[in-house]
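*Asks:* What follows is a single structure, and I will ask about it in a moment.
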Amino acid sequence: ITATPNPGHRFNYWSSGDGSTVIATNPLTVHLVSDTAFVAIFEDVSEQTFTLQVSSANASMGTVTGGGSYPGGTNQTITAVPSENRFRFTHWSTTAGDSLTDNPLTLYLTRDPAFVAHFVELPQYYLVAASNNEEWGTATGTGMYYEGQQATLTAVPAENYVFEGWTDGNEESPRIVTVTQD
C-alpha cells in the first residue's frame, strides 16, 4: 500500500484500524491473513518553513547552489557545480545514508534535509600530435589533458609542402578534439 500526500502535506505514518500499530514505512508491504485496515496519517506542512542545507565535501573541487529556507510542500532544486574542467560530480549524500546521483536534484520539502555534494578529479590523458616526417612539417597540441577537455591540434607544413590529413582521415587543421583516452 502506498500513501501519496497532496501538495503541502507529508506522510507521517500508517495506523492500524484499531490504532494499536504505527508503521512509518511507505510504501508498505502487508502479508494478509485476515481483514486488515490501515489509515494513512498525513500532516499539513504548507504553513511551515524548512531549511534546505547543501554543502560541498571539498569546496576546491566544486560548489553547490539551492540551499536556504523555503515553505513546506514546495519543490526546490539543488545543483552541484564542479570547479574548472578538472572535476566531476559523483553523488549527493545525506545524513540518512542516502546516495543520489541526479544533478540538479529537485526535492519536495517536508523536513529540514541536508545534502553534501561529492566530486572526483578527472583522469588525465596524454595526447600526441606528431608529424610523419619532421622535414615536411610539424604538429602542435601534444600535452596532458583532463578527460573531456578539448585540445586543438594544428598541422604546420614546411615550405613547399602541404598538409594532407591526420591518420584517422580528418583533414582539418586546426582541429579540435575531445580527449577521452591516451
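*Asks:* Let's see if you can work this out: charge +1 on each Lys and Arg Cβ, -1 on each Asp and Glu Cβ, no other charges. What is the dipole magnitude of the chain about its Cα centre, in debye to the nearest 20?
*Replies:* Working: 5 positive and 19 negative charges, 138 e Å.
With only Lys, Arg, Asp and Glu charged at Cβ, the dipole is about 660 debye.
*Asks:* Which of the listed residues, Thr138, Thr74, Gln181, is farthest toward the dipole's positive end in segment 54-182, when Lys, Arg count +1 and Asp, Glu count -1 at the beta-carbon?
*Replies:* Value: Thr74.
*Asks:* Let me ask something additional. Could you work out how far the C-alpha centroid of segment 40-59 sits from that of segment 129-178, in angstrom?
*Replies:* Using only Cα atoms to place each centre, the spacing works out to 53 Å.
*Asks:* Over the chain, what is the relative contact order in whole percent, taking alpha-carbon pairs under 8 Å and six or more residues apart?
*Replies:* Working: 382 pairs, mean separation 27.5, N = 182.
So the answer I get is 15 percent.
*Asks:* Right, here's the next one. Which ³J(HN,Hα) values, rounded to whole Hz and listed in residue order, are derived for segment 128-142 from phi using the Karplus coefficients 6.51, -1.76 and 1.60 in 6.51 cos²θ - 1.76 cosθ + 1.60 with θ = phi - 60°, glycine and proline given as x?
*Replies:* Each residue's phi maps through the Karplus curve to give 10, 10, 9, 8, 6, 7, 4, 6, 8, x, 10, 10, 10, x, 4 Hz.
*Asks:* Among [x] 37, 29, 15; [y] 59, 18, 13; [z] 21, 18, 17, find the value of semi-axes √(5λ) of the Cα gyration tensor in Å that was calculated from the structure presented, and write down its label.
*Replies:* The value computed from this structure is option [y].
*Asks:* Mind listing the phi-derived Karplus ³J(HN,Hα) values for segment 25-41, rounded to whole Hz, using 6.51, -1.76 and 1.60 with θ = phi - 60°, and x for any glycine or proline?
*Replies:* Once θ is set to phi - 60°, the couplings for segment 25-41 become 6, 8, x, 10, 9, 10, 8, 8, 10, 7, 4, 9, 10, 10, 10, 7, 9 Hz.
Read-outs: derived from the displayed coordinates by stated rules, not from any lab. Because the structure is predicted, anything quoted here is derived from the model rather than measured. Virtual Cβ from ideal backbone geometry, glycine too; neighbours counted across all protein chains shown.
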